[in-house]
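Accompanying notes for the structure given below.
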Amino acid sequence: ALNPVLRSSCGNRASCPLLCERIDHEAFVGDVMQTTRERIDAAAVVIAELTDANPNVYLELGYAWGRGRPTVPAAQRAEDLRFDVRGQRCLVYERIPDLNTQLAAGLQNLKSKGLLEAPPEPGASPA
């Protein structure tokens, strides 16, 4: 349900060339955690939806932090946030349009600070 929100928050490909991926919606062969780690390592930013406190999402967020990836945690209710995340900046929203607005601003803020670099285009040779 969040994929359209995440895509629209970024804007068009020319202004913010990010690809929104969810590993649980992708087809692949092999170890799910290995694939998840590879995707996080290659990500320009990791957006972690923490509503309902899914342990897998917390694991992925912790991995992203450990790898130094920019992250944007989000949750519908502040009480969903576990103790180790409560001290972090987190987007708390009531409605999906609120998340869309906050996420667009958050991504733009990361971009303006030079913290958000778009990953290379598929098929592009490494620099």
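Summary table
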read-out: Accessible surface of Ile47 - all protein chains present, 1.4 Å probe, nearest 10 Å²; value: 60 Å²
read-out: Nitroxide proxy distance, nm - points 7 Å out along Cα→Cβ at Tyr63 and Cys20; value: 2.2 nm
read-out: At R0 = 30 Å, FRET efficiency that the Cβ-Cβ distance of Arg39 and Glu94 yields, to 0.05; value: 0.55
read-out: Alpha carbon Rg of the stretch 19-73, scaled by the compact-globule rule 2.2 N^0.38 Å; value: 1.06
read-out: Sequence of Phe83, Phe28 when ordered by accessible area, the most exposed leading, probe 1.4 angstrom; value: Phe83, Phe28
read-out: Around Leu50: net Lys/Arg minus Asp/Glu count, Cβ-Cβ under 14 Å; value: -2
read-out: Linear extension gain, Ser112 paired with Asn56, 0.36 nm per residue minus alpha-carbon span; value: 17.1 nm
read-out: Amide H contacts under 5 Å for Leu50, placed H, 5+ residues apart; value: Ala74, Ala75
read-out: For the stretch 28-72: relative contact order, % (alpha-carbon pairs under 8 angstrom, 6 or more apart); value: 43 percent
read-out: Environment charge of Arg67, counting only residues whose C-beta is closer than 14 Å and scoring Lys/Arg +1, Asp/Glu -1; value: 0
read-out: Scattering curve values for the stretch 14-118, log₁₀ I(q)/I(0), Debye with Cα scatterers, q = 0.11, 0.14 Å⁻¹; value: -0.34, -0.57
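The values are calculated or read from the model by the stated rules, or taken from the named source; none is laboratory data. As the structure is a prediction and not an experimental result, all values here were calculated from the model. All Cβ positions, glycine included, derive from the backbone under ideal geometry; neighbour counts span all protein chains shown. Ligands, DNA and RNA are excluded from the accessible area calculation, which covers all protein heavy atoms including side chains. Shrake-Rupley method; radii C 1.70, N 1.55, O 1.52, S 1.80 Å.
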